[in-house]
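The values are calculated or read from the model by the stated rules, or taken from the named source; none is laboratory data. The model shown is predicted, which means the values in this text are computed figures rather than measured ones. We place every Cβ from the backbone using ideal geometry, glycine too, and count neighbours over all the protein chains shown. The accessibility values were calculated without ligands, DNA or RNA, using every heavy atom of the protein model including side chains. Shrake-Rupley method; radii C 1.70, N 1.55, O 1.52, S 1.80 Å.
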Amino acid sequence: MAQIALNIENLEVSYGNIKALKGINIVVPEGKIIALLGANGAGKTTTLKAISGVVKINVGNIKFFNRDITNKDAEKITSLGVIQSPEGRQVFPDLTVEENLKIGAFTVKNKNDIDKNFKRVYKYFPRLAERKKQIAGTLSGGEQQMLAIARALMASPKILLLDEPSLGLAPLIVQDIFEIVKEINEEGTTVLIIEQNALQTLKIADYAYVLEVGEINIEGRADELIKDKKLVEAYLGGH
Ligand code: ATP
């Protein structure tokens, strides 16, 4: 039996009077790709922020491999191997690809492990290998997104939290990126992906949750959700 990597129970987060999350439950088994889908403002980013320790959790709890990480310091949570890949635009634009990646490895102390991680990310993203010395701000949108994911991988994540990797990218590039995410997962990294692009995401995910204004009303195996045309149209949009 796979272990539970991340277990989110009855999570509530408020911004002042606004309840952004109204008691959600999410289970991420080790080795899987779990998707959290939903429209703008549904609370997807807030969920990631709660996991990473950058917003305060009002009610509920989050466990990472059975260890309570509810409202722990963001730094502590990162050091356990919970690593978020931000939206692609958030790479360091004035640094080179290689420098961005080096910064990603800041939690990894062993030089051999850092070298291994460099090899690994350049294998996944040969386009970044070709552009080691290029200033990140001059990369295309798709390449910046690749760099954001690669930077997260440099930290040797036990779970990779992906924040809308398809945002603003052309469909073919999205397909490339999702294929790489699948490959990363097949080589052992657990993934929680939040997305608006539901159809593409369901193709690579094992299980998905649909968030609607702070609540999860639909969840199920990705291969089943994708067959439900009405549901896909009504709730998931996508291309
Ligand atoms: P998007 O896809 O647009 O990023 P999302 O599903 O990630 O949307 P969140 O960013 O989690 O949604 O936002 C959920 C709700 O919380 C929204 O109503 C948003 O306006 C509100 N919210 C988010 N951050 C804050 C904040 N710092 N202060 C006040 N309200 C916030």
Open item on the list: For segment 168-180, which positions are open to solvent by 60 Å² or more (accessible area, probe 1.4 Å) and over 24 Å from residue 230 (Cα atoms)?
Closed with: 168, 172, 176, 179
Open item on the list: I'd like to verify a number: residues in segment 44-75 that are of a type outside the set (A, V, I, L, M), part of a loop (DSSP other than H, G, I, E, B) and away from the ligand (no atom under 16 Å from the Cβ), how many?
Closed with: 6
Open item on the list: Here is a list: 183, 219. Which entry is open to solvent by 50 Å² or more (accessible area, probe 1.4 Å), outside any helix (DSSP H, G or I) and touching a Phe, Trp or Tyr at 6+ places or on another chain (Cβ under 8 Å)?
Closed with: 219
Open item on the list: Of the residues 22, 32, only one is under 22 Å from residue 166 (Cα atoms) and touching a strand residue (DSSP E or B) at 6+ places or on another chain (Cβ under 7 Å); which?
Closed with: 32
- [ ] Could you give me the residue pairs with C-beta distances under 6 Å whose first residue belongs to segment 97-120 and is within 9 Å of residue 154 (Cα to Cα), whose second residue is basic (Lys, Arg) wherever it lies, and which are 6+ apart or on separate chains?
- [x] 101/151; 104/151
- [ ] Kindly provide the set of residues from segment 106-152 that are open to solvent by less than 20 Å² (accessible area, probe 1.4 Å) and touching a strand residue (DSSP E or B) at 6+ places or on another chain (Cβ under 8 Å), ordered by number.
- [x] 136, 148, 149, 152
Task: Verdict on residue 32 being over 30 Å from residue 170 (Cβ atoms) and away from the ligand (no atom under 13 Å from the Cβ) - done: no
Open item on the list: Considering only residues that are outside any helix (DSSP H, G or I) and open to solvent by less than 40 Å² (accessible area, probe 1.4 Å), which ones fall in segment 193-215?
Closed with: 193, 194, 195, 197, 205, 208, 209, 210, 211, 214
TODO: Check 219, 187, 179, 195 and return the single one that is more than 12 Å from the ligand (Cβ to nearest atom), closer than 18 Å to residue 6 by Cβ, at pLDDT 90 or above and acidic (Asp, Glu).
DONE: 219
Task: Test for residue 81: is it surrounded by 17 or more Cβ atoms within 10 Å (Cβ to Cβ), small (Gly, Ala, Ser) and either over 25 Å from residue 144 (Cβ atoms) or touching a helix residue (DSSP H, G or I) at 6+ places or on another chain (Cβ under 8 Å) (or both) - done: no
